[in-house]
1. Can you tell me, using C-alpha contacts under 8 Å and at least 6 residues apart, the relative contact order of chain A as a whole percent?
2. Given the whole protein assembly as supplied and a 1.4 Å probe, what does the accessible area of A:Met27 come to in Å², nearest 10?
3. Calculate the translational D of the protein assembly as shown in whole µm² s⁻¹ from Stokes-Einstein, where the hydrodynamic radius comes from the Kirkwood formula applied to all Cα pairs, the temperature is 37 °C and the viscosity 0.692 mPa s.
4. Taking the Cα centre as origin and putting +1 on Lys and Arg beta-carbons and -1 on Asp and Glu beta-carbons, what dipole magnitude results for chain A, to the nearest 20 debye?
5. Taking a point 7 angstrom from the Cα of B:Glu66 along the C-beta vector, which residues in region B:19-46 have backbone N less than 14 Å away?
6. Considering only A:Ser93, A:Tyr10, A:Gly107, whose Cα is most displaced toward the positive end of the charge dipole of region A:4-112, charges sitting on Cβ of Lys, Arg (+1) and Asp, Glu (-1)?
7. Taking the DSSP beta bridges in chain A as the whole, what percent of them are antiparallel, to the nearest 5?
8. Quick one: which residues, 5 or more positions from B:Val11 or on another chain, have an amide H under 5 Å from its amide H? H modelled 1.01 Å from N in the peptide plane, none for Pro or chain starts.
Amino acid sequence: DVKVTQSSRYLVKRTGEKVFLECVQDMDHENMFWYRQDPGLGLRLIYFSYDVKMKEKGDIPEGYSVSREKKERFSLILESASTNQTSMYLCASSSGQSNQPQHFGDGTRLSIL
Amino acid sequence: AQSVTQLDSQVPVFEEAPVELRCNYSSSVSVYLFWYVQYPNQGLQLLLKYLSGSTLVKGINGFEAEFNKSQTSFHLRKPSVHISDTAEYFCAVSPVGYSTLTFGKGTMLLVSP
């Protein structure tokens, strides 16, 4: 069965810290995505990647960066965490065909104090 | 660019009643359409998708949706809901040939006995 695993369900960090969120998929998917989910705003795309070492900005990339050194792993990095980055973060993956759905992890609820 | 409007932020309904969750989209190009469901403390699961062909699409858990190109709508329906259908539902679109999704803000379906 399809599996997208996010390394932490809950994470608490302090303002100014560098934060790493990790995501691993076992489906050999080409595409991987990072979203943040906030009440009343739905899901907003932060970054995505079509291939190893490739990355594209989504709708809200400011304050974030990403890394994809291996096909199965996609990391989201908060360079200097701020309180307005407190949110639910969701990782997803999909195959290279555009008509295929995205598969989601269970999310990481990140609190920045 | 694409946009998705989910007209209701919350839909309360009694168990065994029918329900319709509304979704309208805007796009200058052809799109694929998706409905996802998110149960509490979980990621998103695909309910159904429209790629082409028949405008009535059947999904999991007894849900179905109808694509209406002239009205740019993709409303989700279920003839008889269960308590277990209580969840948040997201409509999403993807331009044909691309893998990114644009999500609506979500509709919370609240089923009571």
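The values are calculated or read from the model by the stated rules, or taken from the named source; none is laboratory data. Since we're looking at a predicted model, the values are computed, not measured. Backbone-built Cβ (ideal geometry, glycine too); neighbour counts: all protein chains shown. Please note that ligands, DNA and RNA were not included when accessible areas were found on the heavy atoms of the full protein model with its side chains. Shrake-Rupley method; radii C 1.70, N 1.55, O 1.52, S 1.80 Å.
1. 36 percent
2. Accessible area, nearest 10 Å²: 40 Å².
3. Rounded, D is 182 µm²/s.
4. Working: 15 positive and 15 negative charges, 64 e Å.
The dipole magnitude comes to about 300 debye.
5. B:19-23
6. Farthest along the dipole direction, towards plus: A:Tyr10.
7. Details: 35 of 39 bridges.
Taking every DSSP beta bridge with both residues in chain A, the antiparallel ones total about 90 percent.
8. HN-HN under 5 Å from B:Val11: B:Met108, B:Leu109, B:Leu110.
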